[in-house]
Each structure stands twice: as structure tokens, then as C-alpha cells.
Amino acid sequence: MLFSESTVILGIETSCDETAAAVVMGGNDVLSSVVATQIDLHARYGGVVPEIASRAHVEAMNVVIRQAISQSGVPIERIDAVAATVGPGLIGALLVGVAAAKSVALVLDKPFIGVNHLEAHLYAALLDDPHVEFPMLVVLVSGGNTLFVEMRGHGDFSVIGQTIDDAAGEAFDKVARFLDLGHPGGPAIDRIALTGNPNAIDFPRAMLHDGLDVSFSGLKTSVINYVRKNPTVSTADVAASFQYAVVDVLAAKARKAAQQIGAKTVALGGGVAANSLLRSTMTTVCAESGWRLVLPSMSMCTDNAAMIASAGWYRLVADGPSSMDMGAMPNLKLT
Amino acid sequence: MGNAVGQIACVAFELVSIMIILSIDTATDGVSVAIADGTRVLASSEMRSEKQHAEVLTTMIDFVRKQAGVSFGDVGAVAVDIGPGLFTGMRVGIASAKAIAQVLDVPIIGATSLDILATAVGETDDVIACVIDARRGEVYWSLYRCIDGKLRQVTAPQASTVEECALQTIDRGQSTLFVGNGALRYRNEIELVVAGVLPRFDFADEMAALPTAVVLAQIAHERALRQEWQEADTLVPEYLRLPDAEINWATRSAS
Ligand SMILES: [Zn+2]
């Protein structure tokens with residue numbers, strides 16, 4: 001079978017705490033995208049509990065697929081291939097989506113495509129804006145990752161910088177938990193920071209001048225130490241100053257990385273790409289340097305299955321289907 | 001008019017009696033798939049596999065279907081072992097079965113791993129104690145008896161220490177057959193409790209230690225005849241144990 005712009009892919013995503021399914025045509029035309037979030041189930045534990053996530057995926061999977069199919073207007077028999085996240089992620093959670101996706105593909109007698117979740121995040125930005133010029137720098141910032149990725153073309157990329165300890169989103173979550181702002185921490189800090197002074201506290205910018213790697217573990221520790229020493233400090237000022245420090249580092253490294261690869265385009269991806277200060281700062285940075293900035297819509301920043309179907313389409317066209325023997329790969333890297 | 005209704009009912013019954021059932025079991029260390037038509041097993045495959053459930057299941061289903069010489073369109077219902085068992089492994093089979101039933105638009109029939117072990121034993125006057133290894137020194141178990149040729153579950157399935165399970169068999173005081181990988185693993189512990197107390201006791205051998213899709217297909221056929229089935233969306237696993245985080249949370253909140 002030949003795969004083309006009219007190839008319709010059912011994407012399935014269950015790597016963490018969102019059960020998602022989507023129908024995408026030709027890699028970029030999102031016909032439907034359904035996400036059932038489990039945020040409420042995990043909130044009281046202050047983080048995602050793998051077994052709770054896996055159980056919730058089993059219960060939600062069928063309904064989510066059903067909705068994605070019906071909202072797409074494409075009958076299930078007209079699906080040309082089924083793509084699912086095979087990693088990285090929580091093993092038990094991944095397996096629910098992989099098992100469901102391979103079964104749908106088997107019964108429909110259509111190809112299965114195992115998708116790298118991180119690669120899918122690279123494609124999330126392109127769903128809203130598919131005709132970008134390469135080379136492109138993708139700044140992928142989420143709860144699990146902080147990666148600077150050079151993308152030379154579809155399926156042709158390399159990681160040129162990353163965090164050596166905590167991911168940016170992880171730092172947001174940990175600081176939010178410490179400040180009692182709830183989970184997930186990103187939106188909570190973003191919200192309260194609007195009322196605070198970002199210059200109130202001069203938190204450290206680690207590794208600002210070395211290479212393209214970043215570190216957020218020390219920043220988190222200095223926030224905690226500062227609040228313990230100054231218990232009456234305004235939470236809004238702490239949040240705003242912390243957020244400013246994170247964004248300052250990310251923007252500086254992004255600028256350096258984009259210069260290094262001679263980027264024509266810069267894209268953001270991952271949950272932290274929804275952060276309002278990061279978006280506005282990157283808008284300024286890119287305008288100054290003449291790079292085109294691709295900002296994914298909020299719904300494409302966080303985990304979804306449209307990006308899985310999209311990345312699946314590019315993989316299918318380039319490499320053909322995956323084996324039906326494929327299982328989950330919880331520690332899959334972006335290579 | 002009455003005649004026509006009678007004919008329709010008769011046709012419907014005919015359809016169910018030859019219904020082809022795709023049966024899937026991944027709840028324990030075994031992975032097994034069978035296709036049966038109600039009277040015969042058309043094809044089946046089984047393997048021992050600690051962790052590779054997701055890797056082997058899809059191709060095994062495809063293999064068994066081809067061996068059975070049926071197409072997916074011929075399948076009238078999907079049966080699946082809903083546990084208790086190993087959480088991650090059992091979810092592979094359950095998620096697959098639910099997806100297949102949804103795409104084929106056919107009903108799904110869930111049976112517990114304990115039901116499957118008991119059904120495999122067949123007619124007996126003994127109490128059947130089905131005991132599945134739950135790890136961490138615990139077992140999932142339930143007691144069964146054959147009454148008037150029909151298998152009856154006489155205790156609710158539960159997770160407990162193996163001692164608790166053995167003590168419950170003593171409570172009934174009848175000759176008991178212990179079945180399942182939990183019974184074999186904790187054979188010494190069980191013997192220590194029941195020896196000299198139960199009139200007679202025995203352990204089913206290794207061959208009967210795991211639930212299989214072939215036996216599940218038999219259960220599923222009986223249930224299909226009674227239309228005891230459900231939609232894929234509503235089928236949920238039988239874990240018998242909360243996630244650790246929930247247990248810890250409950251303990252912390254109580255203290
Ligand atoms: Zn993600």
C-alpha cells in the first residue's frame with residue numbers, strides 16, 4: 001500500500017496520565033483529538049502514580065477511541081494505519097495503548113506504527129503550522145524532559161542540549177508543591193507569578209555560560225532555602241522570580257542553540273511550552289534574531305494523540321510499518 | 001405471526017450455539033489464545049512468558065485465527081480473563097480484548113482467573129480451592145464446589161495471606177483440592193495448616209497451575225448461550241488489590 005496525503009491514521013497515547021486518541025489525515029490534518037485527563041486522580045498524591053494511571057487507561061481507552069472515531073467522521077474501517085506511543089513513559093501505562101492499538105490494527109488488517117513520544121512532541125508544533133523551513137530548533141520542555149533538538153528535516157534530528165538533572169516541568173512541579181500551589185505545578189506558578197515581581201529575588205541561573213545543557217536542581221534547592229530563611233516572603237514574588245530564572249536560562253540556551261545550528265525556525269513543545277512567560281520571551285528572542293517562531297496551541301503542548309498520529313504518518317512514509325511484536329520501551333531516547 | 005416469531009427465536013438460538021469465540025488469557029505467567037465454536041476448539045496456542053505478554057499476544061491471536069481458518073468477521077464474541085493476576089500482564093489481554101470487541105462490534109465476556117482454574121478441574125466432590133500467586137507473600141483465592149453437576153463459587157474472591165486461605169478451607173472441613181500457581185508455590189505453608197485437619201487434601205499438578213484460554217472459551221460459550229455478556233466499554237479488570245499509593249493514603253488518613 002502507498003501512503004499519501006490522504007492516508008488516515010488513528011493515534012493512541014497512554015504514556016503518562018492522559019488517555020488520548022486522535023484521527024489525523026496526511027500527517028497534519030487533525031480530524032479529531034480526544035484527551036481524557038487523569039489529573040484529578042493523581043492530584044492528592046502530588047504526582048502521577050503509575051498503577052493508578054494504568055488502571056484509568058484501561059477504563060477510558062475504548063470510550064476515547066470511540067469518540068475520536070465518531071468526531072472524525074471517518075468510519076473505523078476507513079482508518080489506514082494505527083499509531084501508538086511505545087515510549088518513553090510508564091511501562092504499565094504504555095502497554096495499555098500499545099495492546100489496544102496493535103489489536104485495532106490486527107482486526108482491521110492495517111499497519112501498526114510504534115511512535116517515540118518525544119519525536120511526537122517535535123511534530124506537535126507542526127500540526128498548527130506544517131510548512132516550516134529547516135533547520136529548526138525545537139525546545140522540548142515538559143515534566144519529564146528538557147531537550148534542545150536540531151531538526152534538519154522530517155525524521156532527521158539530534159539532541160544538542162538537555163538537562164543534566166531535573167526537567168523544567170519537574171522543577172515547576174516541585175517548587176509548586178513546596179509553595180503549596182497544587183499539582184500540576186506549571187499552570188499554578190504561571191497564574192500566581194502574574195501578581196508577583198520577577199526581580200524580587202535573584203535566583204541563580206546555573207550553567208548559563210557553559211554549552212547547551214541546563215540544570216534546574218540547584219534552582220529548586222535555592223528556592224526552598226530562600227523561603228525557609230525568609231518565611232514571610234510573598235509567594236507570588238517567589239513564584240515570579242523562580243519562573244523568571246527558568247525562562248531566562250531556557251531562552252538564553254535556545255538563542256545559543258539556534259545560532260549554532262543556523263536555525264530558520266524555532267518551535268516550542270511539551271507542557272512547559274504553555275508557560276506564558278516562556279512564550280512571550282521566545283517571541284521577543286526570535287523577533288530580534290529573525291527566526292520564525294512556531295508556538296503550538298495549548299492543547300498541542302500537553303500530551304495528546306494527534307501528535308502521535310502525525311509523527312506516525314511521517315514514520316510510516318519514511319520507514320514503513322512497525323512489527324506486531326513490538327512492546328513498550330519505557331526508556332526510549334530521542335535519537 | 002406467532003410462527004414467524006418462533007422461527008426468529010430459533011434462528012437466534014442457532015446463531016449462538018455455533019458462535020465463534022475468540023478467547024484471550026494473559027492474567028498470569030502464561031499467555032494463551034483459543035478460538036472455539038462452542039462444541040470444538042478450532043485452534044489454540046499457549047506459552048509461558050514472564051514479561052513478554054504484549055510482545056507475543058497480537059501475533060499469537062493472528063496465528064490462532066489463521067490456524068482456526070476463520071476470519072475476524074466470523075467472531076461472534078470475545079472472551080477474556082479479567083484477573084486477578086499480574087496487573088501489567090492482565091491489562092495487556094484485557095485492553096486487547098476490549099479493543100477487538102469494539103472494532104468487531106461484538107459483545108465481550110469476562111471471567112475471573114479463579115473461575116477458569118475451577119472449571120478446568122471438572123466434576124469433583126471435593127472443595128476446589130483456587131489459589132493464584134499475588135506475590136509479596138499473598139494469594140488471590142476463592143473456594144468452589146460442584147453442586148448438582150454445577151460449579152458454584154462458595155466464597156467471594158479475595159487477596160490475603162496463604163495462611164488465611166488455608167484456615168478458610170479448614171473452616172469448611174471438607175476434602176479439598178488446591179489448584180493454581182499460588183497453591184503450588186505455597187504448598188508447604190498450606191500443608192502445615194491443613195495436614196491432619198482436613199479429611200483429605202491434594203494439589204493439582206503444574207499442568208493445571210495456570211488459567212488457559214481453552215477453558216475460558218468453554219465458560220464463555222455457556223455464558224453466551226445465556227447472553228451473559230457486556231459491551232467492551234464497560235468491562236473492568238478484577239484486581240482484588242488497590243494500588244499501593246491508595247492503600248498508603250488510606251492508612252495515613254486513618255491514623
Ligand atoms: Zn509528553
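All of the numbers you see were taken from the coordinates with simple rules; none came from a lab. Since the model is a prediction, treat every value here as computed from it, not as a measurement. Cβ: placed from backbone, ideal geometry, glycine included. Neighbour counts: every protein chain shown.
Here is how the numbers come out for the structure above:
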{"item": "Gap separating the Cα centres of the range A:57-89 and the range B:141-171, nearest whole Å", "result": "40"}
{"item": "Mean Cα-pair separation over length for chain B, i.e. relative contact order, pairs under 8 Å, 6 or more apart, %", "result": "22"}
{"item": "Cα centroid separation, the range A:316-331 to the range B:52-85 (Å)", "result": "20"}
{"item": "Cross-link table A:229/A:256; A:333/B:51; B:66/B:150; A:102/A:220; A:110/B:51, entries beyond 32 Å C-alpha to C-alpha", "result": "A:229/A:256; B:66/B:150; A:102/A:220"}
{"item": "Per-residue [θ]222 nm for the protein assembly as shown (sum of -39500 (n - 2.57) over DSSP H runs n ≥ 4, rounded to 500)", "result": "-14000 deg cm²/dmol"}
{"item": "Candidates B:235, B:210, B:114, ranked by Gaussian network fluctuation over chain B, Cα under 10 Å, top entry", "result": "B:235"}
{"item": "Rounded to 5, percent antiparallel among DSSP beta bridges of the protein assembly as shown", "result": "60"}
{"item": "Most fluctuating residue given options A:75, A:135, A:204, as computed from a GNM of chain A linking Cα atoms under 10 Å", "result": "A:75"}
{"item": "Cα-based convex hull, the range B:14-130, per residue volume (Å³, whole number)", "result": "106"}
{"item": "Test item: Cα-centred dipole of chain A, Lys/Arg +1 and Asp/Glu -1 on Cβ, debye", "result": "480"}
{"item": "Within the range A:97-198, GluC sites (Glu not before Pro) in DSSP loop having at most 13 other beta-carbon neighbours inside 10 Å", "result": "A:133"}
{"item": "Centre separation in Å (Cα based) which lies between the range B:179-234 and the range A:204-243", "result": "57"}
{"item": "Rg and Dmax of the protein assembly as shown, Cα atoms only, in Å", "result": "27.6, 89"}
{"item": "Only Lys, Arg (+1) and Asp, Glu (-1) charged, at Cβ; the range A:13-71 dipole about Cα centre in debye", "result": "100"}
{"item": "Whole-Å semi-axes of the ellipsoid equivalent to chain B (Cα gyration tensor, √5λ, descending)", "result": "33, 22, 18"}
{"item": "DSSP-assigned coil residues among trypsin sites (Lys or Arg not before Pro) in the range B:95-204, each with at most 13 further Cβ atoms within 10 Å", "result": "B:135, B:136, B:200"}
